[in-house]
């Protein structure tokens, strides 16, 4: 399953196409210099220019409906955007280093822009550069012969910091997982859960799948796995937690009645 990020910029469609072509040239040079990155050139995903930039009023309305904050600065910049670049990767569960490097290159060469993480979760490019600095990447696309530094060995302390029981958000994740398991035992509540989950951003649905596959993990580890900014992910996970526990309480109430 493909998972995309969108970059909205002031570039004209023609200028965006030139930037897309440059990225493709750099990727081919990267794969030639480091053939082990992908099995086949087309395996990395894709980058395409789109002319469908969302309307600021629609973004504000959707954000209000989902209880999300969207700044006036984001909405003002959105009104100035003329094109969109879609950065796609193959797979949802693991963050793709090639996609991260592409996104960084686009942000650095498109000027002040916006990044849509999905479902109109739109943030300023200045904030994104700081956020993705912690994500694994393949290095600078402009220097294909220079691999990104190898990550530091994962120590026991680091594991506890991001994924272990001491990780921020781990206890909440464990409670969420337990509540979802309880709800799944009641067919009626399970259908309600699935139906209401559709109102959440796609990355929250991916988080639920991640819980099912791997069990509880800290918020920072989840953010890296899903490729979503931590600040955007945390409030949505809290909403999911509260929602799941509320349904699980109904399971307990029904058991007591019996």
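Given the condition in contact with a strand residue (DSSP E or B) (Cβ under 8 Å, 6 or more places away or on another chain) and within 30 Å of residue 125 (Cα to Cα), answer yes or no: does some residue in segment 214-228 qualify?
Applying the first criterion (in contact with a strand residue (DSSP E or B) (Cβ under 8 Å, 6 or more places away or on another chain)) to segment 214-228 yields 227.
Still in the running and within 30 Å of residue 125 (Cα to Cα): 227.
So far as segment 214-228 goes, yes, one or more of its residues are in contact with a strand residue (DSSP E or B) (Cβ under 8 Å, 6 or more places away or on another chain) and within 30 Å of residue 125 (Cα to Cα).
Here is a list of conditions, (1) outside the structural domain of residue 28 (by TED's automatic domain parsing); (2) in contact with a helix residue (DSSP H, G or I) (Cβ under 6 Å, 6 or more places away or on another chain); (3) modelled with pLDDT of 85 or more, and residue 140 meets all of them except one; can you say which number that is?
Here residue 140 meets the rest and fails (2).
Note down all Cβ pairs under 7 Å where the first residue falls in segment 241-256 and is outside the structural domain of residue 174 (by TED's automatic domain parsing), the second is at pLDDT below 90 and part of a helix (DSSP H, G or I), and they're at least six residues apart or on different chains.
none
Take the residues of segment 40-67 that are touching a helix residue (DSSP H, G or I) at 6+ places or on another chain (Cβ under 6 Å) and assigned to a strand (DSSP E or B): which is farthest from residue 236 (Cα to Cα)?
49
So which residues in segment 221-236 are modelled with pLDDT of 85 or more and surrounded by fewer than 19 Cβ atoms within 10 Å (Cβ to Cβ)? Give the steps one after another, and end with the answer.
At the first step, the residues of segment 221-236 found to be modelled with pLDDT of 85 or more are 221-223, 233-236.
Hits for segment 221-236 are 234, 235.
Of all residues in segment 193-210, which are assigned to a helix (DSSP H, G or I) and exposed (fewer than 15 other Cβ atoms within 10 Å of the Cβ)? If you could, list the steps in order and put the result at the bottom.
Taking segment 193-210 first, the residues assigned to a helix (DSSP H, G or I) are 193-197, 202-210.
Selection gives 194, 195, 196, 209.
Have a look at 123, 70 and point out the one that is part of a loop (DSSP other than H, G, I, E, B) and either buried (at least 19 other Cβ atoms within 10 Å of the Cβ) or assigned by TED's automatic domain parsing to the domain that holds residue 32 (or both).
On the way: 123 fails: part of a loop (DSSP other than H, G, I, E, B).
Every option except 70 fails the conditions.
Return yes or no: is residue 86 over 26 Å from residue 221 (Cβ atoms), under 20 Å from the mean Cα position of the chain (by Cα) and modelled with pLDDT of 90 or more?
Numbers: over 26 Å from residue 221 (Cβ atoms): yes; under 20 Å from the mean Cα position of the chain (by Cα): yes; modelled with pLDDT of 90 or more: yes.
Judged against the criteria, residue 86 is a match.
Taking the stated definitions as given, is residue 233 assigned to a helix (DSSP H, G or I), in contact with a helix residue (DSSP H, G or I) (Cβ under 9 Å, 6 or more places away or on another chain) and over 19 Å from residue 62 (Cβ atoms)? Steps first, answer last, please.
Values: assigned to a helix (DSSP H, G or I): yes; in contact with a helix residue (DSSP H, G or I) (Cβ under 9 Å, 6 or more places away or on another chain): yes; over 19 Å from residue 62 (Cβ atoms): no.
When the stated conditions are applied, residue 233 does not pass them.
The values are calculated or read from the model by the stated rules, or taken from the named source; none is laboratory data. Please read all numbers here as calculations on a predicted model, not as lab measurements. Cβ sites come from the backbone with ideal geometry, for glycine too, and all protein chains shown count toward neighbours.
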